[in-house]
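The values are calculated or read from the model by the stated rules, or taken from the named source; none is laboratory data. From a predicted model like this one, the values you see are computed outputs, not experimental measurements. For neighbour counting, all protein chains shown are included, and Cβ atoms are generated from backbone atoms with ideal geometry for every residue, glycine included.
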Amino acid sequence: MKVPGNPERLSTGPRLLAGARVTVAAIALLLSVQQTWSQYTLFPAPASEKARILIEAATDLVALEPMVRDFQLVAPDVTIEYVEYVTNDLFAKASAQCARNELGADLFLSSSVDQLVKLANDGCGSRYRSAATDLVPATAKWRDEVFGFTAEPAALVYNRDVVPKEDVPHTRTELLDLLRRKSSLYAGHIGSYDIAQSGIGFLLASADSRHSSLYGRLIESFGRIGLVTRCCTADIINDIESGRVAIGYNLLASYALGAQRRGARIGVILLRDYTVVLSRGAMIPRTARDPSTARRFLEYLLSMRGQHLAREVGLIFNPAEMRELESTQKSPSGAEILRPIVIGPGLLAEQDQAKRARFLAEWYRSIAPTP
Amino acid sequence: MTIFRTSLYARVTIMLGALLIAGALSIGVAAWQYAIVAADEAYDRLLSGAAFQIAESIRIEEGKLIVDPPVSVFDTLALSRGDRIFYKVTNAEGTLLTGYETLRLPEKTPPPGAEPVLGNAVFSREPVRWVSVGRYISEPNLEGWASVVVAQTRQARDLLAFDLTLKAIGILALMSLLALAMVMITVRAALAPLHAIGEAIDRRAYNDLTPLSLEVPREIAPLAAGLNHFMQRLSDRLTILKRFIADAAHQIRTPLAALSSQVDLLAHERDPEKQKQSVGRLQDVVDRLGRLVNQLLDHAMVIHRSESVVGAPVDLVALTRHALRDAIPMAADDSDLNVMFESQQQAITVIGDSVSLREAIVNLINNAVTHGGGRMLLVRVLQDATATRVEVIDDGNGIPPEKWTDMLQPFQSGKKSVDQDKDRRGSGLGLAIVQDVARAHHGEVQFESRTGLGFVATLVLPGEPSPSDASLR
């Protein structure tokens with residue numbers, strides 16, 4: 001494992017073999033709700049180390065690893081410690097750290113950008129402005145504290161071998177129709193996030209409730225056919241790939257496309273009625289130990305080079321590629337169906353305790369989560 | 001700042017510029033205050049609206065008080081994009097329903113009611129604007145005012161206020177610059193007549209002293225009038241001088257002709273007796289000529305002094321006494337002349353030029369001796385509240401009143417030339433000298449025939465010249 005330049009991976013919590021992250025997560029969740037799953041990865045500086053930053057992320061390393069490595073080509077004197085959490089765990093940890101005012105992580109990366117907005121609203125962020133941040137569209141940054149550095153649509157993913165072509169839905173109405181018509185066939189074979197565990201899941205469900213009048217019917221329908229819920233995108237994609245789950249709803253397209261590139265027999269659909277586009281967010285906390293190096297990394301993420309690479313690895317979705325996603329045969333243009341989640345104080349609605357509790361309760365009432 | 005003293009243009013421009021800047025600054029401050037109020041008013045509506053929406057969402061479900069802030073609240077507040085949002089919803093007992101537990105209102109805030117209460121505070125290290133509204137719950141057990149507090153940081157408000165102020169100041173600066181430009185143009189135009197006057201005078205021939213015929217604005221009219229008046233005086237003076245020179249030349253030419261003929265006569269006279277007579281007449285002519293020249297010089301001196309000498313205190317009593325002593329020996333031929341001197345006081349001080357005054361008094365006395373009856377001469381120095389008077393009284397017939405004005409002009413003493421009036425040895429300049437001195441002292445010469453007393457010639461000097469009039473110009 002200790003090949004120079006390769007990251008060393010260690011898991012905290014129950015010490016198990018590296019790579020068996022899915023199992024670790026599942027076991028950790030089974031053992032205790034309090035127990036947090038996390039995975040530590042070290043990227044030693046390629047040259048002699050002059051600085052070291054700790055990135056705490058709720059975004060899987062597989063997607064980000066190319067960017068971390070590319071950054072180290074630009075900044076070979078920086079060692080990066082990368083710790084991965086489940087979104088809600090990261091939020092709890094960051095909140096506590098901010099409240100205690102103690103030095104800690106230098107950068108937070110999270111696909112649950114509403115949580116970063118909440119942290120910034122609580123005064124946990126620190127501002128950073130540069131030529132690169134000025135180029136970030138106003139809807140993808142807030143207060144110069146939270147920056148969106150990716151653009152990933154939430155897609156419908158299906159197993160090509162299991163779902164016949166005529167069954168593939170292209171709108172939510174078609175999906176509802178399919179679940180009604182062939183409920184016995186698809187019962188137990190539709191997957192999505194457990195929104196109590198997954199920040200992305202919650203954010204996407206919340207966006208659905210905002211954008212669509214069909215939301216109530218959708219979760220009702222999901223409840224009826226026994227929705228398979230998972231904490232993380234990769235898990236559901238695996239399930240779909242293996243055929244356990246036929247159709248996954250609201251899954252980050254970047255993961256699905258990654259799996260597709262690896263050869264998975266899956267299809268990725270951007271629903272035509274609307275498709276929510278999510279930005280993963282980055283924020284330098286007020287309590288960063290080495291904010292100047294953190295800024296270098298943030299600067300890289302937002303730079304031409306970083307954005308170009310993000311586009312290449314599929315973290316930034318290009319609407320021009322939509323045709324390849326076999327979604328738009330009947331759709332006039334990509335831009336019309338895309339609903340980017342605006343990074344701003346509007347996302348605080350997602351983080352309101354009462355609202356959140358009600359939303360979750362409503363969700364649970366319809367869907368009994370599956371282990 | 002020498003330019004300030006030397007240039008009217010600079011003075012007006014700098015003063016007005018300073019005034020405009022001061023005005024712009026004070027209006028700028030006022031605009032800033034107003035902009036803050038305006039921005040607060042605008043955003044307070046959004047804030048209150050948000051609080052009302054949250055209050056609206058408070059309801060009772062299954063016997064429990066719950067709140068479900070609508071998404072639109074956050075979307076409304078998110079209109080001020082850069083601002084942080086804090087809120088807190090509590091039930092009548094103060095138990096948190098949702099929001100920020102730590103958000104607290106200042107001590108003296110009234111309890112929540114239907115009317116929103118607004119205020120400023122600091123929360124989470126940032127100044128915030130907060131609003132508090134209540135919602136009355138009438139359910140048993142839960143009865144009371146549930147409270148909704150919404151706070152927002154001031155970034156958007158400050159930005160709006162700054163923007164408003166900047167625009168106001170921009171317009172203000174533009175207006176001020178325009179005003180300044182207008183003022184500069186106006187001042188330049190206003191000062192143009194001065195240049196015109198200067199040029200008009202420059203263009204004139206040396207001997208052209210006619211009044212300026214320029215059209216000038218009312219404000220500059222006094223200057224033009226002053227200039228015209230000055231030129232008039234210069235012209236008058238020049239006329240007098242010309243006449244004086246012509247007269248003097250004429251007066252000197254006659255005795256010189258007489259002198260020439262006497263010398264001619266003497267040269268051809270062989271009879272010693274007649275030679276002797278001739279020499280005697282020659283002597284007379286030379287004497288008269290000498291006196292004439294002396295008086296011409298005296299007159300010139302008086303005129304010169306009246307224009308150049310600054311006044312000083314002069315004791316008029318002593319001065320007159322000395323003048324009398326000097327003048328009488330000159331007229332001592334009339335041995336039976338009874339000379340008297342009177343003065344009210346030991347000393348009477350006036351401000352003036354002692355040399356000129358003495359010359360005037362001497363001439364008055366000489367005039368009285370020359371033209372008087374030859375038996376009595378009274379000199380008096382008097383002072384009352386308004387004037388000091390030197391009176392010279394003789395027992396002669398005096399000058400007829402119709403000639404009093406003429407007498408004061410040079411060479412006008414009774415229209416008698418030196419030649420025609422051999423016995424009376426006046427040169428025709430004496431009273432003119434007195435008149436010039438009197439004028440230089442802002443006074444005058446008065447004549448009067450007093451029955452039983454004689455002819456009175458008086459030099460009147462105004463009583464107490466103010467210090468600024470002390471100059472004899």
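If only one of A:GLY188, A:GLY201 is part of a loop (DSSP other than H, G, I, E, B) and not hydroxyl-bearing (Ser, Thr, Tyr), which one is it?
Just one listed residue meets the conditions, A:GLY188.
Might you let me know whether segment B:80-92 holds any residue that is closer than 29 Å to A:ILE343 by Cβ and free of Cβ contacts under 8 Å to residues at least 40 places away in the same chain?
The answer is no, given that none of the residues of segment B:80-92 is closer than 29 Å to A:ILE343 by Cβ and free of Cβ contacts under 8 Å to residues at least 40 places away in the same chain.
For segment A:68-105, what are the residues that are small (Gly, Ala, Ser) and touching a helix residue (DSSP H, G or I) at 6+ places or on another chain (Cβ under 8 Å)?
A:ALA75, A:ALA94, A:SER95, A:GLY104, A:ALA105
Can you pull out the residues in segment A:135-171 that are within 14 Å of chain B (Cβ to nearest Cβ), outside any loop (DSSP other than H, G, I, E, B) and either in contact with an Asp or Glu (Cβ under 6 Å, 6 or more places away or on another chain) or over 22 Å from A:ARG339 (Cα atoms) (or both)?
Listed by number, the list is empty, since nothing qualifies.
Show the residue pairs that are 6+ apart or on different chains and have beta-carbon atoms under 6 Å apart, the first residue being within segment B:385-399 and touching a residue at least 24 places away in the same chain (Cβ under 8 Å), the second being of a type in the set (S, T, N, Q).
B:ARG389/B:THR458; B:VAL390/B:THR320; B:GLU391/B:THR458; B:GLY398/B:SER449
Tell me which residues, restricted to segment A:340-364, are more than 7 Å from chain B (Cβ to nearest Cβ) and surrounded by 19 or more Cβ atoms within 10 Å (Cβ to Cβ).
Residues satisfying the conditions are A:ILE341, A:VAL342, A:ILE343, A:LEU347, A:GLU350, A:GLN351, A:PHE359, A:TRP363.
Kindly indicate whether B:ALA161 is out of contact with any strand residue (DSSP E or B) (no Cβ under 7 Å at 6 or more places or on another chain), closer than 30 Å to B:SER132 by Cα and among the small types (Gly, Ala, Ser).
yes
Hey, among B:ALA173, B:ALA190, B:ALA168, B:ALA161, which residue is within 30 Å of B:ILE220 (Cα to Cα) and outside any strand (DSSP E or B)?
B:ALA190
Considering segment B:66-76 alone, what residues qualify as being surrounded by fewer than 22 Cβ atoms within 10 Å (Cβ to Cβ) and more than 7 Å from chain A (Cβ to nearest Cβ)?
Passing the criteria: B:PRO70, B:SER72, B:THR76.
Determine, yes or no, whether B:VAL339 is over 51 Å from the mean Cα position of the chain (by Cα) and either under 15 Å from B:HIS441 (Cβ atoms) or among the aliphatic types (A, V, I, L, M) (or both).
yes
What residue, of A:ILE219, A:ILE195, is buried (at least 16 other Cβ atoms within 10 Å of the Cβ), part of a loop (DSSP other than H, G, I, E, B) and not hydroxyl-bearing (Ser, Thr, Tyr)?
Answer to the check: A:ILE195.
Being more than 60 Å from the chain's Cα centre (by Cα) and within 14 Å of chain A (Cβ to nearest Cβ) is the filter here, so list the residues in segment B:127-147 that pass it.
B:ALA146
Taking segment A:323-339, which residues are of a type in the set (A, V, I, L, M, F, W, C) and either modelled with pLDDT under 55 or loosely packed, with under 15 Cβ neighbours inside 10 Å (or both)?
A:LEU325, A:ALA335
Can you work out which of the residues in segment B:62-76 that are β-branched (Val, Ile, Thr) and in a helix (DSSP H, G or I) is modelled with the highest pLDDT?
B:VAL73
Here are some conditions: (1) more than 30 Å from B:LEU166 (Cα to Cα); (2) assigned to a helix (DSSP H, G or I); (3) at pLDDT 90 or above. B:ALA22 meets all but one. Which one does it not meet?
If we test B:ALA22 against (1) more than 30 Å from B:LEU166 (Cα to Cα); (2) assigned to a helix (DSSP H, G or I); (3) at pLDDT 90 or above, just (1) comes out false.
Which residue out of A:GLU102, A:GLU81 is assigned to a strand (DSSP E or B) and of a type in the set (Asp, Glu)?
A:GLU81
Mind listing just one residue for me: the one in segment B:77-120 that is in contact with a helix residue (DSSP H, G or I) (Cβ under 8 Å, 6 or more places away or on another chain), surrounded by 18 or more Cβ atoms within 10 Å (Cβ to Cβ) and not in a loop (DSSP other than H, G, I, E, B) and, of those, nearest to the other protein chains (Cβ to nearest Cβ)?
Here the answer is B:THR98.
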